[in-house]
Amino acid sequence: QVQLVESGGDLVQAGGSLRLSCAASGSIFRLGTMAWYRQAPGKQRDWVASITTGGNTNYVDSVKGRFTISRDNAKNTVYLQMNSLTPEDKAVYYCNKLGTSRYNYWGQGTQVTVSS
């Protein structure tokens, strides 16, 4: 099973930027479409963005124009560039294969906190 390690979360002020990374222990190319998800306190984990092996991307409306997902298949790493952060972006961010069930493996996530 491929292990996933998310990093890059931090405390930032509103309007700031962060770049999250997700390092996989195996081939992300074989996993196919990868995605970032986030879980705010007291809420369910929600899909944020996804990227196919060919680089096609999709975003939830609330982050369009602010977040950019990318992947480096050679480095087995997925990234999430987050700009113009707002307090509503505060959450634990996870990456995984698109469509992964909550009952399957998930990494530990990385905490993003945005102060107003």
Task: Rounded percent of accessible protein surface that carbon and sulfur make up, the chain, 1.4 Å probe - done: 46 percent
Open item on the list: I need the chymotrypsin sites (Phe, Trp or Tyr not before Pro) found in region 85-116, filtered to DSSP loop residues with at most 13 other beta carbons within 10 Å of theirs.
Closed with: TYR103, TYR105
TODO: Sticking to Cα atoms, compute the Rg of region 22-116 to one decimal and its Dmax as the biggest Cα-Cα distance, whole number, in Å.
DONE: 12.9, 40
Open item on the list: Under a crude label model (7 Å from the Cα following the beta-carbon direction), how far is ARG102 from PHE29 in nanometres?
Closed with: 3.4 nm
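With a 1.4 Å probe and every protein chain left in place, work out the accessible area per residue of the chain in Å², rounded to a whole number.
53 Å²
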TODO: Mark the label point 7 Å from the Cα of ALA40 along Cα→Cβ and return the residues of region 55-71 whose backbone N is within less than 12 Å of it.
DONE: 62-63
Open item on the list: Sort 64-70, 48-54 by the packing proxy (mean of other Cβ within 10 Å over each peptide's residues), most packed first.
Closed with: 48-54, 64-70
- [ ] In nm, give the distance between the simple-model label positions of VAL5 and ASN83, each being 7 Å from the Cα along the Cα-to-Cβ direction.
- [x] 3.0 nm
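The values are calculated or read from the model by the stated rules, or taken from the named source; none is laboratory data. All of these numbers come straight from a predicted model, not from anything done at the bench. FYI the Cβ positions are ideal-geometry reconstructions off the backbone, even for glycines, and counts take in every protein chain you see. Only protein heavy atoms, including side chains, enter the accessible area calculation; ligands, DNA and RNA are left aside. Shrake-Rupley method; radii C 1.70, N 1.55, O 1.52, S 1.80 Å.
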